Amino acid sequence: MTTPAFVADPTVEVERASKWFGQKVAVSSVSCSFGQGITGLLGPNGAGKTTLLRLICGLAAPSEGTVTVLGEDLRRNPDSYRQLGLVPEEDAVYPQMTARRYLEYGARLSGLADGPSRAMEALRVVDLVESADRTLGGFSKGMRQRTKVAAALVTDPQVLILDEPLNGTDPVQRAHLIEVFRRLAADGKTVIVSSHVLAEVERMADRVLAMVDGKLAAAGDVHSIRAAMSDIPFRVRIEGNDLRRLASELVARSDVAAVEVGKDAVHIEAEDLSALGRHIAIITRDLDIRLTAFQPEDESLESVFRYLVRR
Amino acid sequence: MRAALAIAAVSYRQLLEGKRTYLLGALALIPAVVMYVGSSTMTEARAFEFLHEGPLGVLVFAVAPIIALVLATSALGEERRQSTMSFLTIRPIPRWAIIVAKGAAAWAAVFTLVGAGGLAVGAALGLRTGNWDTVTPLLVMIGINTLVYVALFVPLGFLFKRAMLFGLGYVFIWDSGIANVPGLTPLSVFRIGLSAYIGLVPESARFLGDDLGSVTPGAGGALAKGLILALIGVLAMTTVLKRRDVV
């Protein structure tokens, strides 16, 4: 049986993992798993996302608990690194190296015999072939990000860890990289993407894990996370004719928490969204009100996330 | 093995690229210039004496440790500063192999510069007097001393941001200062290489014997000490890399 924090066929498993630095607890008893597809790791700065990713990559040792990738503890079995690609948050590039040499170096370190051809293929994927022989020190932030993505792809790993991979990229590059990540997920790779930019995660992740203060605050797809937050009323925007009459009918109902009449729309807060929909259907039929829009306002990742952080 | 060689080759190039190398190269050649210019009117015996009173001392007490400090602390320290440690450590390479590769690159880079300086000092004596017998012992001494300095300074560069400062303190306060106290002389690095040199050039003991203190001259013993210290350095750093967080 799986719960939202766990998947059926995990490639990455985190079990009661904690990490503290002196008095500061960065990750607190987190248990979750990751499988094929894209999982977004969300959280404000300082939530513990990067630390959790470092634990997964074996760059940091858990103070408590265990982390395994494809069943192996990477820190004990470095050979398993063949199946892992990492795009770190930092600018982990050698400024004097060309993009081509950087990728070839990575391929050689991973024991690949066909490094040069793989390097060029990875540069082609991130659209950097024309800059292959320029030194990384002269690259823009966005180009360095794409080079790091290419370096992670060069070994064709089963598990890809991407820590804020879209930082510094322009909208066109961003769309291109998101497409690349989606393709990898479709090919059966496990892609874990951390970001604090909600719109990016919403565009690419099938599943979201939200971290707040080092703990896992929620897991699942955005709508199910929102639905599970039963203590926070849903907010809906309704447009149509005769909205004042609709509002006065709704305000009398006990399950409607708030009604706010605006110029072009009425905003309703209710605890049960489906019950609200049924009531509105009856009211509009009885009063002959025609609705042109019925739009949940807080089912976006941003609002869900705002609730989680505020909790 | 191929991965470790790749790390060593790339690191060696990285350590020796840039303007810094020209400055360190010039520093390494100072003792040779002093030797060549200073011995211009000397007899062979006086020039031999001059070598051990001046240029060799500068090479051993200042040039070798300073160059070793600058380059060896950069070997892993730069990876940490540039945040590229993760690029190396998320590979299917044992941590000890990364350390050995980095250490070997650092030693090769240091030896390239200091060895060139030592070769030039020996050549200066040879050109002036026709005595070329000090060239090989000088290179052996430099090889051993730089090996031990690298074994100390590579970990220092990884562990401390102010590694240069600590290293200078070690070289000039401990190695050339406190370790002169009788009984502590075996604990200084420069004496390990110096003992090899005196073992290979016994007549130099007249000039360098006091500096050696209670350390027994001999190239074999010095080499063994150097290798043991290098091994301890590798083991210690491997343990650090395995147990501590890499980034």
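What order do A:Lys263, A:Lys141 take when sorted by accessible area (1.4 Å probe), most exposed first?
Working: A:Lys263 200, A:Lys141 75 Å².
Order by accessible area, largest first: A:Lys263, A:Lys141.
Could you tell me the relative contact order of chain B? Use alpha-carbon pairs under 8 Å, at least six residues apart, and round to a whole percent.
Details: 337 pairs, mean separation 61.1, N = 247.
This gives 25 percent for chain B.
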Legend entry - With all protein chains modelled, accessible area of B:Trp107 [1.4 Å, Å²]: 80 Å²
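Give me a single rounded figure for B:87-100: the average over its residues of other chain Cβ atoms within 10 Å of their Cβ.
Working: counts 11, 4, 9, 18, 11, 13, 6, 2, 2, 0, 1, 2, 0, 0.
Rounded to a whole number, the mean comes out at 6.
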Inset, instruction - Express in Å², to the nearest 10, the accessible area of A:Arg108 obtained by rolling a 1.4 Å probe over the protein heavy atoms while all chains stay in place. - result: 100 Å²
Legend entry - Using θ = phi - 60° and Karplus 6.51 cos²θ - 1.76 cosθ + 1.60, couplings along the range A:246-261 (whole Hz; Gly, Pro as x): 4, 5, 5, 5, 6, 4, 7, 7, 6, 8, 9, 7, 7, 10, 10, 8
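Taking the solvent-accessible surface of protein heavy atoms with a 1.4 Å probe, what is the per residue accessible area of chain A in Å²?
On the way: 14030 Å² over 311 residues.
Counting only protein heavy atoms, the per-residue value for chain A is 45 Å².
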Inset, instruction - Before rounding to the nearest 500, sum -39500 (n - 2.57) across all DSSP H runs of length at least 4 in chain A and divide by the residue total; then give [θ] at 222 nm in deg cm²/dmol. - result: -10500 deg cm²/dmol
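Given a 1.4 angstrom probe, I'd like the percentage of the accessible area of chain A that is carbon and sulfur, rounded to a whole number. Show your work: numbers first, answer last.
Numbers: 6560 of 14030 Å².
Carbon and sulfur: 47 percent of the exposed surface of chain A.
Work out the mean other chain Cβ neighbour count within 10 Å for the residues of A:105-117 and drop it here as an integer.
Values: counts 7, 5, 1, 8, 14, 5, 7, 0, 1, 0, 1, 0, 0.
Counting Cβ atoms of other protein chains within 10 Å of each residue's Cβ and averaging gives 4.
Could you sort out which of A:Lys19/A:Lys189; B:Lys102/B:Lys242; A:Lys19/A:Lys215 sit more than 19 Å apart by Cα distance in this structure? Please list the in-between numbers first.
Details: A:Lys19/A:Lys189 27 Å; B:Lys102/B:Lys242 16 Å; A:Lys19/A:Lys215 11 Å.
The pairs that break the limit, which is 19 Å between Cα atoms, are A:Lys19/A:Lys189.
From the helices alone, meaning DSSP H stretches of at least four residues, give me the mean residue ellipticity at 222 nm for chain B, per-run term -39500 (n - 2.57), in deg cm²/dmol to the nearest 500. All intermediate terms of the calculation are to be shown ahead of the outcome.
Values: 12 runs with 183 residues, N = 247.
Taken over chain B, the calculation gives -24500 deg cm²/dmol.
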Legend entry - Overall form of the protein assembly as shown per C-alpha gyration tensor (a/c, 1.5; a/b vs b/c): prolate
Inset, instruction - Take the cross-link list A:Lys49/A:Lys141; A:Lys141/B:Lys161; A:Lys24/B:Lys225; A:Lys49/B:Lys19; B:Lys161/B:Lys225; A:Lys24/B:Lys161 and give me the ones stretching past 31 Å between alpha-carbons. - result: A:Lys24/B:Lys225; A:Lys49/B:Lys19
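Show me the ranking of peptides B:83-90, B:175-182 by mean Cβ neighbours inside 10 Å, starting with the highest.
B:83-90, B:175-182
Evaluate peptide A:56-65: per residue, the Cβ atoms of other protein chains within 10 Å of its Cβ; return the mean as an integer.
Working: counts 0, 5, 5, 7, 4, 5, 0, 0, 0, 0.
For this peptide, the per-residue mean of nearby foreign Cβ atoms is 3.
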Inset, instruction - Pull up the DSSP beta bridges for chain A and report the antiparallel fraction as a percent, rounded to 5. - result: 65 percent
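Under a 1.4 angstrom probe, counting protein chains only, how are A:Ser254, A:Ser63, A:Ser110 ranked by accessible area, largest first? Could you put the intermediate results ahead of the total?
On the way: A:Ser254 120, A:Ser63 45, A:Ser110 10 Å².
If we order A:Ser254, A:Ser63, A:Ser110 from most to least accessible, we get A:Ser254, A:Ser63, A:Ser110.
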Inset, instruction - Note every residue of the range A:68-85 with a reduction of at least 30 square angstrom in accessible area, all protein chains present versus the isolated chain, computed with a 1.4 Å probe, or write none. - result: A:Arg75, A:Pro78, A:Tyr81
Inset, instruction - Could you run the numbers on buried accessible area between B and A, total for both chains, 1.4 angstrom probe, in Å² to the nearest 100? - result: 2600 Å²
Inset, instruction - Measure out, as a whole number of angstrom, how far apart the alpha-carbon centroids of the range B:137-208 and the range A:137-205 sit. - result: 49 Å
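The values are calculated or read from the model by the stated rules, or taken from the named source; none is laboratory data. Nothing here was measured: the structure is a model prediction, and the numbers come from that model. We place every Cβ from the backbone using ideal geometry, glycine too, and count neighbours over all the protein chains shown. For accessibility, only protein heavy atoms count, side chains too; no ligands or nucleic acids. Shrake-Rupley method; radii C 1.70, N 1.55, O 1.52, S 1.80 Å.
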